[in-house]
Amino acid sequence: MINYLISLIMILVSGYSYSQEKIYFESSNPFSFKDIIKNTNLQLNQNVYGILRTPKDFNNSDKYPVIIAVAGSNGWSDHHFEYLELYRDNGIVTFELYSFISRGIESTVGTQVEVTTAMMILDAYKALDTLIQLPYVDSEKIGITGWSLGGGVALFSAWEPLRKSINSRVDFSAHLAIYPPCIVVPTVLDFGNKPIQILIGDLDNWTPSEACSELVNKIPNNSNISLTIFQNAHHSFDRDGELKINKNGYILEDCRFVLNEEGEVLMNILNIPMTTPFLQKIGIGMCAKRGPTYGGNKEAKIQSMQISKDFMIKNLTAVD
């Protein structure tokens, strides 16, 4: 309930200087990528919403780029809104995705099964479908960004087998993944050709940077993917505050999973598909420990926000 109230307060506070609108759309509840890839006719039975905010000098007769933003396992926090305000200050419309609250969930820290990456990626594409219908949105200039779990959404929304299964006619113009979990390596290493930027700390033991290096190095023709690793930075390096330990979170340093072409994530060693909450808990429990470290690093935060701004301006506002 506390996180829910904080989210509502931040909606009001961060949007004070900007025009805002709550937009609803229909999505669904696929647990795994397989539920999307093998069942392309998913019943649209989940109502989801997001908050769209416009720049201060917004004119609805003009066309604007948009960034769809996705929070992490603990929901929206102050530092997320700092990025979005920065984008709006540079003439970009922002859309905060509320996959958790729309499903009556506050947090998935320590479980990761109530609202999954598959659900959130589907939500993001359904939001994309909705936003491109707005007359002031430039349908060719829509990017996606996210933090932690949301970073995984930003990254794997570029995975071509998944995108083509959802809607092969649309895609995101840019993918910005901030400390995403890179522990899942697809057998089909096709992340398209749109620009992808990954930002992560070298001391991150929640979503380890080594896994992101391994993934990027395995992808052939990965010239569209950039990986920046910040020194002396932990998970959530861009928040304000001292280092803390999350007793319920997972330390994923020893976890590496294979994602097959059908969208199944396989357990280590046993190769059993983790396509249900029970099987996923077993699979993660075999390699993960509890108690990851997280906390701010001022220098890394400054660099991250600058890189993020430059990345989005280059790929969403540059004249073709």
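Where a number appears in this text, it was derived from the coordinates with a stated rule and is not lab data. Everything numeric in this text was worked out from a predicted model, so none of it was measured. All Cβ positions, even for glycine, are placed from backbone atoms using ideal geometry, and neighbour counts span all protein chains on display.
From its DSSP helices (H runs of at least four residues, each -39,500 (n - 2.57)), the chain gives a residue-normalised ellipticity at 222 nm of -9500 deg cm²/dmol. Per-residue Cβ neighbour counts within 10 Å put 178, 166 in the sequence 166, 178, beginning with the fewest. Multiplying the residue separation of residue 62 and residue 247 by 0.36 nm and subtracting their alpha-carbon distance yields 61.8 nm. Here the chain carries DSSP beta bridges of which approximately 40% are antiparallel, counting only pairs with both residues inside. Over the C-alpha trace of the stretch 174-320, radius of gyration and Dmax come out as 16.4, 50 angstrom. When only the Cβ of Lys, Arg, Asp and Glu is charged (+1, +1, -1, -1), the dipole of the chain relative to its Cα centre reaches about 340 debye.
If eta is 0.692 mPa s and T is 37 °C, what Stokes-Einstein diffusion coefficient results for the stretch 31-102, Kirkwood Rh from Cα pairs, in µm²/s? It comes out at roughly 229 µm²/s. Counting other Cβ atoms within 10 Å as a rough exposure proxy, the listed residues 290, 169 run 169, 290 from fewest neighbours to most. Taking the three principal axes of the alpha carbon atoms in the chain, the coordinate ranges are 57, 46, 43 Å, sorted in descending order.
Here the label points at residue 139 and residue 22, each 7 Å from Cα along the C-beta direction, are separated by 2.8 nm in the simple model. Computed extension length for residue 224-residue 317: 31.7 nm, one decimal, from 0.36 nm per residue of separation with the Cα-Cα distance subtracted.
Ordered by the count of other Cβ atoms within 10 Å of each Cβ, fewest first, 175, 79 give 79, 175. Just so you know, the Rg over Rh for the stretch 177-250 is 1.01, from Cα atoms, with Rh as the Kirkwood radius. Placing +1 on the Cβ of every Lys and Arg and -1 on the Cβ of every Asp and Glu, with no other charges, gives the stretch 112-249 a dipole of roughly 240 debye about its Cα centre.
Pairs exceeding a 18 Å alpha-carbon distance, out of 126/281; 247/289; 56/298; 126/164: 126/281; 56/298.
At full extension, residue 164 and residue 289 could sit 41.5 nm farther apart than now, given 0.36 nm per residue minus the alpha carbon distance. When each full DSSP H helix of the chain is screened for a Cα extent of at least 15 Å along its own axis and an average Kyte-Doolittle hydropathy of at least 0.5, the helices passing are 2-14, 117-131.
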